[in-house]
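Since the structure comes first, as structure tokens, the remarks are kept for the end.
Please treat every number below as a calculation from the coordinates, not as lab data. Fair warning: this is a prediction, and the values are worked out from it, not measured in the lab. We place every Cβ from the backbone using ideal geometry, glycine too, and count neighbours over all the protein chains shown.
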Amino acid sequence: MLTLAIQAGGKSSRMGQDKALMPFRGRPLIQTVMDRLAPIADEILITTNNPDDYRFLDLPLFRDIRPDRGALGGLYTALSSAKGDLVAVVACDMPFASRPLFDTASKLIVESGADVVIPQTEHGYEPLHALYRRETCLPAIEAALDADQWKVISWFDQVKVRALSVEETAAFNPDGLTFWNLNTPEDFVKAEGLD
């Protein structure tokens with residue numbers, strides 16, 4: 001069973017309002033992300049500290065179990081709340097997230113026996129567009145939180161990671177849009193005009 005966990009716990013400080021709820025091509029941005037990736041999932045959940053704002057999605061909504069711990073805390077909440085053993089985690093502000101990448105990651109995690117399948121770009125890992133094995137990742141993340149770690153990948157040395165090389169990742173990012181986070185009003189305007 002595969003769970004899709006959409007992370008909507010960020011502060012949206014550069015946007016000045018909750019970007020996940022801003023209209024994108026006529027509907028809330030988070031709905032665009034959800035609809036794009038829903039075919040891969042047996043279960044969909046949202047992590048958010050403002051659940052009332054997301055009730056319209058009619059999905060399970062989860063507040064951070066470890067409040068004020070940033071993206072690592074959000075990842076912990078997503079994996080803790082998921083029913084599936086495999087959890088595809090994606091940020092709510094990535095309208096061009098790649099379903100084919102998650103399809104490939106699902107095959108690779110089984111074939112390689114990895115605990116994490118994560119794409120790499122020239123900018124580094126993409127932890128909010130990656131696939132995690134719940135059972136093995138949760139204790140490692142919990143230990144990182146207990147040790148006051150903040151970096152989302154601080155616990156990777158405790159698990160088996162199958163990183164997609166920059167070249168492998170490029171196949172799922174031909175137009176350079178897959179991992180684009182919309183952070184400003186200008187980003188929204190630019191992205192709405194793209195296919």
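Note down the nm distance, to one decimal, between modelled labels 7 Å out along Cα→Cβ at V166 and at R63.
The modelled label-to-label distance comes out at 4.3 nm.
Along each principal axis of its Cα atoms, how long is the chain end to end? Whole angstroms, biggest number first, please.
41, 36, 29
Return the distance in nm (one decimal) between the two label points of a simple spin-label model at L194 and A147, each offset 7 Å from Cα along Cα→Cβ.
3.6 nm
Order by neighbour count: L194, L164, fewest other Cβ atoms within 10 Å first, most last.
Details: L194 10, L164 22.
In order of increasing Cβ crowding within 10 Å: L194, L164.
Which percent, to the nearest 5, of DSSP beta bridges fully inside the chain are antiparallel?
DSSP beta bridges in the chain are roughly 40 percent antiparallel.
With charges only on Cβ, +1 for K and R and -1 for D and E, what is the dipole size of segment 2-192 about its Cα centre, in debye, rounded to 20?
For segment 2-192, the charge dipole is close to 220 debye.
Check cross-link reach from K83 to the lysines: straight Cα distance under 20 Å, and skip same-chain residues fewer than eight apart.
Those lysines meeting the cut-off are K107.
Give me the extension gain from D53 to S112: residue separation times 0.36 nm, minus the current Cα-Cα distance, reported in nm with one decimal.
Contour length minus the Cα-Cα distance gives 17.3 nm.
Enumerate the lysines that K190 could reach by cross-link, defined here as Cα to Cα under 30 Å, with residues fewer than 8 away along the same chain left out.
K11, K19, K151
From the helices alone, meaning DSSP H stretches of at least four residues, give me the mean residue ellipticity at 222 nm for the chain, per-run term -39500 (n - 2.57), in deg cm²/dmol to the nearest 500.
The per-residue figure over the chain is -9000 deg cm²/dmol.
Among 73-81, 135-143, how do they line up by average Cβ neighbours within 10 Å per residue, starting with the highest?
Those peptides, ordered most packed to least, come out 73-81, 135-143.
Quick one: length gained pulling R36 to T184 fully straight, 0.36 nm per residue minus the C-alpha distance?
51.1 nm
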